1. Can you run down the residue pairs with Cβ atoms below 8 Å, 6 or more apart or on separate chains, where the first is in the range 127-146 and free of Cβ contacts under 8 Å to residues at least 24 places away in the same chain and the partner is open to solvent by less than 30 Å² (accessible area, probe 1.4 Å)?
2. Which condition number in (1) buried (at least 19 other Cβ atoms within 10 Å of the Cβ); (2) closer than 11 Å to residue 109 by Cα; (3) within 15 Å of the chain's Cα centre (by Cα) is the one that residue 152 fails?
3. I'm trying to understand the selection: among the residues of the range 64-93, which are in a loop (DSSP other than H, G, I, E, B), at pLDDT 95 or above and surrounded by 20 or more Cβ atoms within 10 Å (Cβ to Cβ)?
Amino acid sequence: MDTNPTPTDTPTADKPRWFNGCAVAVVVLIVLFGVGAWALAEFEKGFDGYGQLEQSGPSGYVADPLGPGATARYEDGLKVTVSRPREESDGSYSLTVTYENDTDEELRPGGESSDSSVSESGSAPLVVRAGKSLDDYASGYGLTWLNRRESAAALMPPLGADEKRTVPVRIKPGSKGIPVTVEVDPPTADFRETAYFQLTLN
């Protein structure tokens, strides 16, 4: 006589355990792939420099300038926005250049000297000049920067990480409807590309 009871439960299949193991392996592979892609992107940025423009749409380069209200975005986190020009009652135009420091270090957007921080006819950290971005400085258009000292004073103080600063610019064109180019070239110890914005004073 068989006194051992017959088991009523059937042995559980190994399929759920195998399925769970595969799911965990897939999740781990996805995470590793994501981390690897991020590390490769950071390596590429470090290789070609964090001072490069990283844009969708117009590149911000001299042959493909940004328009009014657009933002130049650098790989290291710096963002620069040039507003639309607004006509004033005396025939001058006001606009702003806003620097947003999302890098992890302090920046000096005006460089070392207020005398050389802004210009309307030569190279400087902030240039506002008459003409299109591809025009040379003798473009045939006239422009006077009315508040250069105020602009330079706003540009000069160090800009800490996670800080934002707006630089006021007031200009008077030789005639209405001329193109104006704003060049932004924030100084850095390494390399930073110049961002170009092209505006029209209507």
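The values are calculated or read from the model by the stated rules, or taken from the named source; none is laboratory data. Keep in mind that what you see is a predicted model, and the values were worked out from it rather than measured. Note: ideal-geometry Cβ built from the backbone for every residue, glycine included; neighbour counts use all protein chains shown. When the accessible area is computed, the model is the full protein with side chains, heavy atoms only, and any ligands, DNA or RNA have been set aside. Shrake-Rupley method; radii C 1.70, N 1.55, O 1.52, S 1.80 Å.
1. 137/122; 137/129; 137/131; 139/129; 139/130; 139/131; 140/131
2. Exception for residue 152: condition (3).
3. 65, 70, 85, listed by residue number.
Let's see how each residue does on (1) crowded, with 20+ Cβ neighbours inside 10 Å; (2) within 17 Å of residue 95 (Cβ to Cβ); (3) of a type in the set (Asp, Glu):
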{"position": "130", "(1), (2), (3)": "yes, yes, no"}
{"position": "135", "(1), (2), (3)": "no, no, yes"}
{"position": "141", "(1), (2), (3)": "no, yes, no"}
{"position": "157", "(1), (2), (3)": "no, no, no"}
{"position": "160", "(1), (2), (3)": "no, no, no"}
{"position": "165", "(1), (2), (3)": "no, yes, no"}
{"position": "168", "(1), (2), (3)": "no, yes, no"}
{"position": "171", "(1), (2), (3)": "yes, yes, no"}
{"position": "180", "(1), (2), (3)": "yes, yes, no"}
